[in-house]
Amino acid sequence: MTKEEAIREIKTPRGSQDNMVHAMRLMNKAGTVSDIALLMPIASSGGTDPTVKKLAVEAICSIIKESLLSRFSELTTEMRHKLATILQTLDPKIINEISKDLMSNDNARRLSALQMLGILRRHPRVKTLLAKLLQDKDPKIKATAVILLGKMMGPNDQQMVMTLLGDEDKRVRANTVEALESLGNPRLAPALFKYRKDPSNRIRGNVLKALHNLGHTDIEEDLMEMLTSKDALYKASALWVITQVKFSKSQKVIDSAGSCLLSDNKMVHRNALQALSALDNPRAEGYVRYLGDIFAF
């Protein structure tokens, strides 16, 4: 039986259970997301033969799981969540299957399985699985796990990630700062102070943003150090911080951001334009008006 024949059988059953069983098994292996609408009525109907219904459910779950694992980055956020909702409804044990993929030798598949946990985060086992992955040998897995965990941590979970502030991988450290910031606990600010001078521009930027959002708004000196650096990445990150926290209380910072509009580095110029445009400040508006499109000619 070909896939086309299977689709015809599903659309217009000829009365043979064997044919329908074959059709469902084929769809399990060859079906795509576009076939789910065809299978859903069979999987949800109370009048469907129990064997066929079970196979329809398995086919839908297989299609969704493989689509999320192999095409995660290609799917829109809306589509991911829609598929995840269907998956959780039809297969309450899906977390067990994802756990197996987390142990795969295929790093890309492991990462996709981890990202799937992020959209299934309401499941009670997800936090436990993510916590275990904080000790993974793959820095990319660890970094992704900590950022996902940050979205579901409670006030009693901070110790799970605090130790990762000293991780050797800068992606892990940067994501750990974001995770701690998401807790919104001002008492965590002191733990971040020593990372204000981190060699990584991303970590330094994340720390300044976190400190500001946790109530430690005195970051002018740190921003000025980055804005006056010869390193374009430091400048760009400082400007990103200004955009994120709308830091407008310092004329020195605004003037330094304005001078960045003259940078021949496209990223610095773009970030400066975004930073100054984000501020409700006449001085910042003046820089944008007179220097914002200086390279447009």
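The values are calculated or read from the model by the stated rules, or taken from the named source; none is laboratory data. Since this is a predicted model, take the numbers as computed values, not measurements. Glycine also receives a Cβ, built like all others from the backbone with ideal geometry; neighbour counts cover every protein chain displayed. For the accessible areas, the whole protein counts, side chains as well, though only heavy atoms, and no ligand, DNA or RNA atoms are used. Shrake-Rupley method; radii C 1.70, N 1.55, O 1.52, S 1.80 Å.
Under the criterion of Cα pairs below 8 Å and six or more residues apart, the relative contact order for region 138-297 equals 15 percent. For the chain, the longest principal axis of the C-alpha atoms and the axis of helix 139-150 are separated by about 90°.
Between the helical axis of 50-71 and the longest alpha-carbon principal axis of the chain there is an angle of about 30 degrees. Taking 16, 229, 62 in turn, the Gaussian network model of the chain (Cα-Cα springs below 10 Å) assigns the largest fluctuation to 16.
Residue ranges 139-146, 27-34, 280-287 sort as 139-146, 27-34, 280-287 when ordered by packing (mean number of other C-beta atoms within 10 Å per residue, highest first).
Taking Cα atoms only, the orientation of helix 266-278 departs from the longest principal axis of the chain by about 80 degrees. Packing-based ranking of 172-179, 47-54 yields 172-179, 47-54, ordered from highest to lowest mean Cβ neighbour count within 10 Å. Rounded to the nearest 0.05, the FRET efficiency derived from the C-beta distance between residue 229 and residue 107 at R0 = 35 Å is 0.50.
For region 188-239, the per residue solvent-accessible surface stands at 42 Å², with DNA, RNA and ligands left out and a 1.4 Å probe. Would you please classify the overall shape of region 19-69 from the alpha carbon gyration tensor, given that a ≥ b ≥ c denote the square roots of the eigenvalues, rounded means a/c under 1.5, and beyond that prolate means a/b larger than b/c while oblate covers the rest? Prolate.
Accessible area per residue for region 114-185, computed on protein heavy atoms with a 1.4 Å probe, is 48 Å². Farthest towards the positive end of the charge dipole of the chain, among the residues 75, 104, 238, is the Cα of 104, using unit charges on the Cβ of Lys, Arg, Asp and Glu.
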